[in-house]
Amino acid sequence: MNPAVMGTMIFTVALVLLASGMPIAFALGGTALLFMLMNEGVGALAYVPETLFSGLDDFTLASIPMFIIMGAAVASSRAGSDLYEALSRWLYRVPGSLVISNIGACALFSALTGSSPATCAAIGKMGIPEMRRRGYDADLATGAIAAGGTLGILIPPSVTMILYGIASETSIGRLFIAGILPGLMLTGLFIAWALFLSWRRGTVAALAQQHFTLAQRLELLPKLVPLLLVIVGVIYSLYGGIATPSEAAGVGAALCLVMVILIYRMWHWREVWQIMRDALRESGMLLMIIGMSVLFSYAMSSSMVTQSIAQAVAELNVNRWVLLAVINVLLLVAGCFLPPAAIILMTTPIILPVITAAGFDPIWFGVVLTINMELGLITPPVGLNLFVINGITPDVRLPTILRGAFPFMLCMVVAIVLLCVFPEIATWLPQAMMG
């Protein structure tokens, strides 16, 4: 069968199964098994165990459960509320201070959890009601949290970047460093828009009576020290040459567990068990997706689909920037329907050879890809963050949340354009730190 026809059939079946609500791992694995049997017969089943084991036989994968434990521990404590309250007390005089506080809290919380839905839920539960109570419009309040939550997959540590690093065989340490400056840039763009809209709508007048004394502002700072120590501990162990990414993840998980037990007094065994249970459930899900995605990639490769697509794209007589624009559009469309893990593990083996052949840096492209995944998290019909926010504020209609998030989507597009014009935003820091 023609590889183009075969590829179309594989992707169609996979999309239908995913759209049916079937778990991602089962949809990818079921599609792979079906087409392996069609192409190679029953004898193809002999390759399944070896392929699955080779996909999971990577010590780097040990970092995923550790970072998930880190995020689950922080999300289960009052760390998010302390962070949010401290920022709001220090920034209360700034126009749009509460929106800025929420976006800043999302950025810092992301550095601890690496999860967009967890960031949305933790910060949104406190921030959205408070913003609405103080006169902020519902669209701005919900849109800012929905967009700010996406920073969780860009600012390190990021499970999404770990998956890309595994799929592309690039350095996870370099990917983490590459996400720092773009993450700060995107946070700055979000804050700039929040400042402009708050000024334009006159929200500053509604906050004129608010006042915090110096003692009230200093009151919560001691509670932020453990959070900062965790971030510094992970970064220093990873980039100080002390630990590999997997070992640094273990350091972060241990520090977070110690923090929530000693500082936030979560020492009851049921609370610790709930953290471990949630982390084990999510880790098992991700590792199953990774294993099945390797099987899916094997099915496409054995059918010559991957090679044919890469060759066809490489033979297109177009400018490399046009090629990159087409790939970005395809990723954005895919992000509207599929979760980031599925997109990265399904498309990276196909796209990466084309990207490198066009002369683009795979580390830089990992950052661009991650921002595309961020867009998908707030883009209907499957924008996960939109539904998380809607669950937190059921009285706010989904179109209102989407209207508030749309300008932040444009900020992400601006960030991608800036990264294309100035790739050093993503590549300079890894080169400066790691050579």
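The values are calculated or read from the model by the stated rules, or taken from the named source; none is laboratory data. Just so we're clear, the structure is a prediction, and the values are computed from it rather than from any experiment. Backbone-built Cβ (ideal geometry, glycine too); neighbour counts: all protein chains shown.
At least 2 residues being surrounded by 17 or more Cβ atoms within 10 Å (Cβ to Cβ) and of a type in the set (Asp, Glu) is the threshold, and among the helices (runs of 4 or more DSSP H) wholly inside the range 1-94 those reaching it are 79-90. Filtering Val230, Val225, Val234, Val251 for residues that are within 26 Å of the chain's Cα centre (by Cα), within 30 Å of Met434 (Cα to Cα) and exposed (fewer than 15 other Cβ atoms within 10 Å of the Cβ) leaves a single hit, Val225. Does any residue of the range 103-113 turn out to be in contact with a helix residue (DSSP H, G or I) (Cβ under 7 Å, 6 or more places away or on another chain), surrounded by 23 or more Cβ atoms within 10 Å (Cβ to Cβ), at pLDDT below 75 and part of a loop (DSSP other than H, G, I, E, B)? Taking every residue of the range 103-113 in turn, none turns out to be in contact with a helix residue (DSSP H, G or I) (Cβ under 7 Å, 6 or more places away or on another chain), surrounded by 23 or more Cβ atoms within 10 Å (Cβ to Cβ), at pLDDT below 75 and part of a loop (DSSP other than H, G, I, E, B).
Give the residues of the range 333-370 that are at pLDDT 85 or above, out of contact with any Pro (no Cβ under 7 Å at 6 or more places or on another chain) and closer than 18 Å to Leu151 by Cα, sorted by residue number. Selection gives Phe365, Gly366, Val368, Leu369, Thr370.
Flag not set for Phe196, criterion: buried (at least 24 other Cβ atoms within 10 Å of the Cβ) and at pLDDT 80 or above.
Here are Pro399, Pro380, Pro340, Pro394: which of them is surrounded by fewer than 19 Cβ atoms within 10 Å (Cβ to Cβ), closer than 24 Å to Ala121 by Cα, touching a residue at least 40 places away in the same chain (Cβ under 8 Å) and not polar (S, T, N, Q)? Steps first, answer last, please.
Numbers: Pro399 fails: touching a residue at least 40 places away in the same chain (Cβ under 8 Å); Pro340 fails: surrounded by fewer than 19 Cβ atoms within 10 Å (Cβ to Cβ); Pro394 fails: touching a residue at least 40 places away in the same chain (Cβ under 8 Å).
Residue meeting the stated conditions: Pro380.
Of the helices (runs of 4 or more DSSP H) lying entirely inside the range 333-435, those containing at least 3 residues that are small (Gly, Ala, Ser) span 340-357, 398-421.
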